[in-house]
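Each remark here refers to the structure printed beneath this line.
Read the figures in this text as sums done on the coordinates, not as results from a lab. From a predicted model like this one, the values you see are computed outputs, not experimental measurements. Positions of Cβ are generated from backbone atoms using ideal geometry, with glycine treated the same way; all protein chains shown enter the neighbour counts.
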Amino acid sequence: MHTTPRTFALVGPGRAGTSLALALVAGGSRAVGVAGRSPDSPSTRAAAARLGCAPTPVAEVGRSADLVLLTPPDAALAEVAEAVAPGLEPGALIVHCSGARGTEALAAVALARPDVAVGALHPLQTFAAADPHRLEGAWAAVAGPPAVTDLARALGLQPFVVTDDRRAAYHAAAAVASNHLVALLGQVDRLAADAGVPGEAFWPLVRAAVVNAETLGPAAALTGPVARGDVATVAAHLDAVAPGERDAYRALAHAALLLTGRDDPALRTLLADGSVGRVAPGAAA
């Protein structure tokens, strides 16, 4: 049984931070402060009201807190951590929630305050709004002392360790899984509109493809012209799509070819060539 800390403070009342804070409150923790751009900013006041505590200056937010969650933008993380450090309670745990950074982001805090513990906890989830239920069953990248892993489990997360030297690679995977997938779905909408087809018609196909990839693995779930080696159809696609869409189509078709695990010189040449050029009927592999 993993227990939540008795008291905590939140620095950075955005959607992810507020979701984590609400989950802590639901687990029995008490919020003792919320800090944002300023105690009077609307986001700070709104988060404090939801968490049942007072808006607090950054330099004072760590007072009386067993745990301090840092969820500011990555560019401000080091500066915010250094501002919080002097007010931390001895024995407190300070955890940032950046996906791209490891414990090295809190090196200055660890140096200035050897009496506190530092760690990183990144929920592998996307938040369109503050929603603690999004955490249930999600995975999380953790680094630091065992207390960080315990915290992840107490929040309903499945923790896995990512060392500082692999953090950028991990975060790249997260960006592809979330941001690039959304960008790809945007391309689906544009191509559908060009064809005069409603974008929502493709959602059952998208859902089935994701389920297949989850249950079978991406390689076994792959279907379509690249999986079949159908060079003529891929060439016809490249002829049909708008010029501004071709680079993305080529890149993803090339990734699909890599996923098949086979060498297909005709497809390789077609996808590497900057021109469009039709393939004669019957040229499919």
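Of the options 188, 137, 206, report the single residue whose Cα projects farthest towards the positive end of the charge dipole of the range 132-250 (beta-carbon charges: Lys, Arg +1; Asp, Glu -1).
137
Roughly how many nanometres apart are two label points built 7 Å out from the Cα toward the Cβ at residue 161 and residue 180?
It works out to 2.7 nm between the two label points.
If R0 is 45 Å, what FRET efficiency do you get for residue 239 and residue 100 from their C-beta distance, rounded to 0.05?
Working: r = 39 Å, r/R0 = 0.87.
After rounding, the FRET efficiency stands at 0.70.
Just grab the label-to-label distance for residue 115 and residue 188, each label 7 Å out from Cα along the Cβ direction, in nm (one decimal).
Calculated label separation equals 5.5 nm.
If you place +1 on the Cβ of every Lys and Arg and -1 on the Cβ of every Asp and Glu, how big does the dipole about the Cα centre of the chain come out, in debye to the nearest 20? Let's see the in-between values first.
Values: 21 positive and 25 negative charges, 73 e Å.
With Lys and Arg at +1 and Asp and Glu at -1, about 340 debye.
From the backbone phi of the range 212-218, what are the Karplus-calculated ³J(HN,Hα) couplings (6.51 cos²θ - 1.76 cosθ + 1.60, θ = phi - 60°) in whole Hz, Gly and Pro given as x?
With the stated coefficients, the range 212-218 comes to 4, 5, 5, 7, 9, x, x Hz.
Give me the extension gain from residue 138 to residue 259: residue separation times 0.36 nm, minus the current Cα-Cα distance, reported in nm with one decimal.
Numbers: separation 121, 0.36 × 121 = 43.56 nm, distance 2.60 nm.
Taking residue 138 through residue 259 to full extension adds about 41.0 nm, to one decimal.
Cα gyration tensor of the range 7-162, axes a ≥ b ≥ c as square roots of the eigenvalues: rounded (a/c below 1.5), prolate (a/b > b/c) or oblate? It would help to have the intermediate numbers written out before the result.
Details: a/c = 1.41, a/b = 1.02, b/c = 1.38.
It comes out rounded by the Cα gyration axes.
Do the sum for the chain: with -39,500 (n - 2.57) for every DSSP H run of n ≥ 4, divided by all residues, what is the mean residue ellipticity at 222 nm, to the nearest 500 deg cm²/dmol? It would help to have the intermediate numbers written out before the result.
On the way: 13 runs with 127 residues, N = 285.
Calculated from helices alone, the mean residue ellipticity at 222 nm is -13000 deg cm²/dmol.
In debye, nearest 20: dipole of the range 169-272 around its Cα centre with unit charges on the Cβ of K, R (+) and D, E (-)?
On the way: 7 positive and 10 negative charges, 35 e Å.
Roughly 180 debye, rounded to the nearest 20.
Read phi for every residue in the range 265-272 and hand back ³J(HN,Hα) as whole Hz from Karplus 6.51 cos²θ - 1.76 cosθ + 1.60, θ = phi - 60°, with x for Gly and Pro.
Each residue's phi maps through the Karplus curve to give x, 5, 5, 4, 5, 4, 6, 7 Hz.
Can you check what the net charge comes to around residue 44, using other residues whose Cβ is under 12 Å from the Cβ of residue 44 (Lys, Arg +1; Asp, Glu -1)?
Working: positive: 37, 45, 50; negative: 40.
Summing Lys/Arg as +1 and Asp/Glu as -1 gives +2.
Across the range 62-74, in residue order, what do the Karplus-derived ³J(HN,Hα) couplings come to in whole Hz, using 6.51 cos²θ - 1.76 cosθ + 1.60 with θ = phi - 60° and x for Gly and Pro?
Result, ordered by residue: x, 5, 6, 9, 6, 9, 10, 9, 9, 10, x, x, 3 Hz.
Residue separation times 0.36 nm, minus the C-alpha to C-alpha distance between residue 46 and residue 208: what's the value?
Values: separation 162, 0.36 × 162 = 58.32 nm, distance 3.88 nm.
Gain on extension, residue 46 to residue 208, equals 54.4 nm.
Over the range 169-272, what number does the Rg to Rh ratio reach, with both radii from the alpha-carbon atoms and Rh per Kirkwood? Walk me through the intermediate numbers first.
Numbers: Rg = 14.1 Å, Rh = 14.8 Å.
Dividing the radius of gyration by the Kirkwood radius yields 0.95.
Note down the relative contact order for the range 7-162 as a percent, whole number, built from C-alpha pairs under 8 angstrom at least six residues apart. Mind showing how you got there, number by number?
Details: 349 pairs, mean separation 32.2, N = 156.
The value is 21 percent.
I'd like to know which of 158, 110, 85 lies farthest towards the positive end of the charge dipole of the range 7-162, counting +1 on Cβ of Lys and Arg and -1 on Cβ of Asp and Glu.
Result: 158, furthest along the dipole toward the positive end.
Before anything else, pin down the relative contact order of the range 169-272: Cα pairs under 8 Å, at least 6 apart, normalised by residue count, whole percent. Numbers along the way, then the final one.
Details: 49 pairs, mean separation 21.9, N = 104.
Here the relative contact order equals 21 percent.
Can I get the semi-axes of the chain's equivalent ellipsoid? Compute them from the C-alpha gyration tensor as square roots of 5 times the eigenvalues, in angstrom, largest first.
Semi-axes from the Cα gyration tensor: 47, 19, 17 Å.
Provide the convex hull volume over Cα atoms per residue for the range 217-279, in Å³. Don't skip to the end; give the middle numbers.
On the way: hull volume 4.6 nm³, N = 63.
Hull volume normalised by residue count: 74 Å³.
In whole percent, what relative contact order does the chain give with Cα contacts below 8 Å and a gap of six or more residues? Write out the running numbers ahead of the final one.
Working: 470 pairs, mean separation 35.8, N = 285.
13 percent.
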